[in-house]
Amino acid sequence: MKFCTRCLYPENHALNITFDDDGVCSGCKVHEEKDLIDWTQRSEKLKNILESYRNKSGNNYDCIVPVSGARDSYFIVHAIKKIYGMNPLLVTYNKQFNTDTGVRNLANLRIQFDCDIMTLTVNPETVKKITRASMRKIGSIYWHCIAGQTVYPVQVAVKFKIPLIIWGAHQGLDQVGMFSHFDEVEMTRKYRKEHDLMGYEAEDLIDEFDGITEEDIVQYVYPDDKELERVGVRGIYLNNYIRWDTKVQHEKMIHIYGYETLSQTRTFDTCNDVDCYNYSDVHDYIKFLKHGYGKVTDHVSREIRLRRMTREQGIETVKKYLNTKPKNLKLFTEWIGITENAFHYIIDQHRNKLIWKRNEEWKWESVQNLTPESITSDSIENARLTIKEKWTNFPITDTKKSTDHQNKYIIIGKGVPGY
C-alpha cells in the first residue's frame, strides 16, 4: 500500500487521491493553499455574497444553514449570524442514531442563537428498511443519514424560496484536494450522488427484494433541475472563505456557548460527530473493513497538515485506534433486527479483496500494510512540515445528563437538563 509521504492517507482513499513525484498527496498540496490565500480578502468576498442574498423586505429568511448536534454547526451559525449579521433558517435531518449529548447540543444551539429551526424525522420503520437495503447494496449503514442531511436543506430551499444554502467544509477539497480553494467549488447534485451517496440516489434503492417502494424514498428525493433553477438555489462552502480549523473552532464554541464534547470509540477527535452512536463507531468500523483505514486516519492527516502533529505521532495514533472494535454494534443490530453474525456476513461482501483475505483458519487478515512504516527517508524528510503548534489533546467537557439520557438511540429528545 502506498501512503502519502507527508500525511497518512493511502492510495485507495474512497474519494480518489493522487501523488506528486515526491509522494505528497493531492490533499496535502491543496492544503498548502491555506498559507497562501488572503483570508481577509476572502472574508470580504463572502460578505458581498451574503449581502446579495439578504432579504431586504424582512418577509423571509436570508439563507439556510444545515445543522446537527455536532461537527461545526455552532461555528457556522456563529459566523453567519453573529459575524455577518444574517438571519438564517436552521434545518436538520434527524439521523435517529442520536446521543443525549447531541440532543443537548442541538437544543442549546437553538437557544443560544435564537434561530428558527426545521427538523425532518422520517418514519423509523422506513429508515430501518432503507438501512437494510443500503447495507446489502453498498455496505453502508449511514446512507440515509448522508442522503437526508444533503437533500432536506435543498428541499426546504425550494419550498420556501430561500436560494442560499451555507455548508461548512467541502469534504472532497479538504481531504483529497479534489478541488482547489481557488475553484470556490459549490454544491452540486453530481458530487452528492457520486461521492456522498456512493453512486446511489434514492430512486436507485427502489427494489422488490428489499421491499423499498417509491413511497419509502420520497423524503430523500432531490428536487429536479427546473425547481432549483426557478428558485436559483445555490450552496456555498465556508471553508472557501474562512481558514478552516475544526479544533480551534470547537474550542471557541465551547468557551462561548457551552458546546459539549464526547470521547469517541475509534478516534481521538472528541469534538466532531458527538451526536451519533454510530459515526465514529459502527459506521467507521465498516469503513475500516471496506477500505483498510478509518476516521482516525482522516483526523491524523488533518492535524499533520495543520502542523500540530508529526508524522510519527500520527502513525502511533492510527495504530492505537485502527483495529478498535465498535462498542455499539449490539445496539445497532438490535435496532435494525439482525444478529451480529448476519451483520458481519453482509459487510464481508463489501470488503476490498485487494486488502483482505481469509487465512487457513478462515479469519480475515490484511494482505497490505494498513499503516506506514515508522521509517525516515529523503522523500519523507523533504515532505515534512515544520511544527508550528505543540500538540494538545482535543478537549473533553464536563459530562452532563438530561431527561433524554439512556443507552439507546434517541428518536425525539428535548435536551432538557435533568438528573
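Observations on the structure shown:
- Cβ separations smaller than 8 Å between residues 6+ apart or across chains give the following pairs from segment 43-58 residues that are closer than 22 Å to Phe182 by Cβ to residues that are at pLDDT 95 or above and among the acidic types (Asp, Glu): Leu50/Asp62.
- For Ile130, the conditions (1) of a type outside the set (D, E, K, R); (2) assigned to a helix (DSSP H, G or I); (3) open to solvent by 20 Å² or more (accessible area, probe 1.4 Å) are fulfilled apart from (3).
- Looking only at residues of segment 38-66 that are within 21 Å of Asp114 (Cβ to Cβ) and β-branched (Val, Ile, Thr), we find that the one that is farthest from the chain's Cα centre (by Cα) is Ile64.
- Filter pass, Ile304 being among the aliphatic types (A, V, I, L, M), assigned to a helix (DSSP H, G or I) and surrounded by 13 or more Cβ atoms within 10 Å (Cβ to Cβ): yes
- Odd one out for Tyr285, checked against (1) free of Cβ contacts under 8 Å to residues at least 60 places away in the same chain; (2) more than 24 Å from Leu8 (Cα to Cα); (3) surrounded by 19 or more Cβ atoms within 10 Å (Cβ to Cβ): (2)
- Remark: pairs (first residue in segment 223-235, under 18 Å from Lys193 (Cβ atoms); second residue among the aromatic types (Phe, Trp, Tyr); Cβ separation under 8 Å; 6+ apart in sequence or on different chains) = Gly235/Trp167.
One line per residue, one yes/no per condition, for (1) over 21 Å from Arg42 (Cβ atoms); (2) open to solvent by less than 30 Å² (accessible area, probe 1.4 Å); (3) in a strand (DSSP E or B):
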| residue | (1), (2), (3) |
| --- | --- |
| Ile146 | yes, no, no |
| Val156 | yes, yes, no |
| Ile165 | no, yes, yes |
| Asp174 | no, no, no |
| Val185 | no, yes, no |
| Asp204 | yes, no, no |
| Glu229 | yes, no, no |
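- Failed condition for Gln349, given (1) open to solvent by 100 Å² or more (accessible area, probe 1.4 Å); (2) touching a helix residue (DSSP H, G or I) at 6+ places or on another chain (Cβ under 9 Å); (3) modelled with pLDDT under 95: (3)
The values are calculated or read from the model by the stated rules, or taken from the named source; none is laboratory data. Just so you know, these numbers come straight off a predicted model, no measurement behind them. Here the Cβ is made from the backbone with ideal geometry for all residues, glycine too, and neighbour counts use every protein chain on show. Quick note on the areas: whole protein, heavy atoms, side chains included, nothing else; ligands and nucleic acids left out. Shrake-Rupley method; radii C 1.70, N 1.55, O 1.52, S 1.80 Å.
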